[in-house]
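Enquirer: Got a structure for you, written out below as structure tokens; questions coming shortly.
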Amino acid sequence: MDQQLLAKTFVELADNLVADFDLMDFLRLLTDRCVGMLDASAAGVLLADRDGKLRVMAASDEQVRLLELFQLQNDEGPCLECFRTGAPVIIHDLTREVDRWPRFVTAAHRSGFGAVQALPMRLRDETVGALNLFRAAPGPFDPPATLIAQALADVATISLLQQRTVHRGTVLNEQLQAALNSRVLIEQAKGKLAERQGIDMEQAFTALRGYARAHNRRLADVARAFISGSEPLAGLGA
């Protein structure tokens, strides 16, 4: 494991305690670093909205995003169980859980995943979501990597809850709702850019995110400008 990158990741996640941060980019950082550093093929984040309903907020790739959506649509899977119980759900071999989650196991196998661990994003008695790590091959997860993944989830949770505390309990729900609205814009922009450039959805997201970072802008603002055509956005997708 890259110890330097791990330390940098903790700093980046904790740095958002006081900064006005882009929630979508913050959560995508969490999933990308989990895949880059830990024993995971893909990662996703589910967060509860103001009504307590889980939403897919970030995914390391399109395949896992669709699988997370499948869980929510079918009300079945380890990530939902993790959120509801507030406890980790670690499955070394999904084929052994067919009776427990028949539709999810079939969909996960079809997506190329054989193992999953869902880790709660929780502080004391409050669970705000779940960090979900998927792996292609069945088998035990590395215990130290699981501890690090939970620590990353904990730091991200503290960042989210700290923002709410600072602003007297209102800002987290507002941010989550705004992020949900932003997600729609981003998905539309991904589709439009992918079609225009002849690239896949993940490449389109990377291009939008790279442009936003290079120009110090929010991802949703870039997506909105691209969809409306209100700005030239020179170099996007080049």
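The values are calculated or read from the model by the stated rules, or taken from the named source; none is laboratory data. Just so it is clear, the structure is predicted and the values come from calculations on it, not from any experiment. Methodologically, a virtual Cβ is constructed for each residue, glycine included, from the backbone with ideal geometry; neighbour enumeration extends over all protein chains shown. Note: areas computed on protein heavy atoms with side chains; ligands, DNA, RNA excluded. Shrake-Rupley method; radii C 1.70, N 1.55, O 1.52, S 1.80 Å.
Enquirer: Mind giving me the FRET efficiency for Q4 and D200? R0 is 35 Å, r the Cβ-Cβ distance, nearest 0.05 is fine.
Expert: 0.70
Enquirer: Ok, one more. For region 47-128, calculate the relative contact order in percent as a whole number, restricting contacts to Cα pairs under 8 Å that are 6 or more residues apart.
Expert: Relative contact order of region 47-128: 29 percent.
Enquirer: Quick one: order L94, L72 from most to least accessible surface, probe 1.4 Å.
Expert: Ranked list, largest accessible area first: L72, L94.
Enquirer: Quick check: net charge around E231, other residues with Cβ under 12 Å of its Cβ, Lys/Arg +1 and Asp/Glu -1?
Expert: Charge balance near E231 sits at +1.
Enquirer: Let me ask another. Compute, for V184, the solvent-accessible surface of its heavy atoms (probe 1.4 Å) with the complete set of protein chains present, and express it in square angstrom to the nearest 10.
Expert: Counting only protein heavy atoms, V184 exposes about 80 Å² to solvent.
Enquirer: Go through region 100-107 residue by residue and turn each phi into a ³J(HN,Hα) via Karplus (6.51, -1.76, 1.60, θ = phi - 60°); whole Hz please, and just put x for glycine and proline.
Expert: Couplings: 6, 9, x, 6, 5, 4, 4, 5 Hz.
Enquirer: Treating each Cα of region 43-132 as an identical point scatterer and ignoring solvent, apply the Debye formula and state log10 I(q)/I(0) at q = 0.12, 0.18 Å⁻¹.
Expert: Listed by q, the Debye log ratios stand at -0.31, -0.71.
Enquirer: If you plug each phi of region 2-15 into the Karplus form 6.51 cos²θ - 1.76 cosθ + 1.60 with θ = phi - 60°, what whole-Hz ³J(HN,Hα) values come out, in order, with x for Gly and Pro?
Expert: 7, 5, 5, 5, 4, 4, 4, 5, 4, 5, 5, 5, 6, 5
Enquirer: Whole number please: convex hull volume per residue, Cα atoms of the chain, in Å³.
Expert: Hull volume over Cα atoms, normalised by residue count, gives 130 Å³.
Enquirer: So between D51 and T85, what do we pick up on full extension, going 0.36 nm a residue minus the alpha carbon distance?
Expert: Here the answer is 10.5 nm.
Enquirer: Also, quick follow-up: Normalised by the residues of the chain, what does the relative contact order come to in percent, with Cα pairs under 8 Å and at least six apart?
Expert: This gives 19 percent for the chain.
Enquirer: Let me check I've understood the local charge: for H92, count other residues with C-beta under 12 angstrom from its C-beta, Lys and Arg +1, Asp and Glu -1. What total comes out?
Expert: -2
Enquirer: Would you list which aspartates and glutamates come within 14 Å of K192, measuring only between C-alpha atoms, while excluding same-chain residues fewer than 8 positions from it?
Expert: Correct list for K192: D200, E202.
Enquirer: Related question: Take every Cα pair under 8 Å in region 82-163 that's 6+ residues apart, average their separations, divide by the length, and report that relative contact order as a whole percent.
Expert: Worked out over region 82-163, it gives 30 percent.
Enquirer: Give the carbon-plus-sulfur fraction of the accessible surface of the chain in %, rounded to a whole number; probe 1.4 Å, heavy atoms of protein chains only.
Expert: 51 percent
Enquirer: While we're on this one: Hey, how many Å between the Cα centroid of region 57-90 and the Cα centroid of region 117-137?
Expert: The two parts, judged by their Cα centres, are 9 Å apart.
Enquirer: May I ask you to give the solvent-accessible area per residue for region 51-168, in square angstrom, as obtained with a 1.4 angstrom probe?
Expert: 47 Å²
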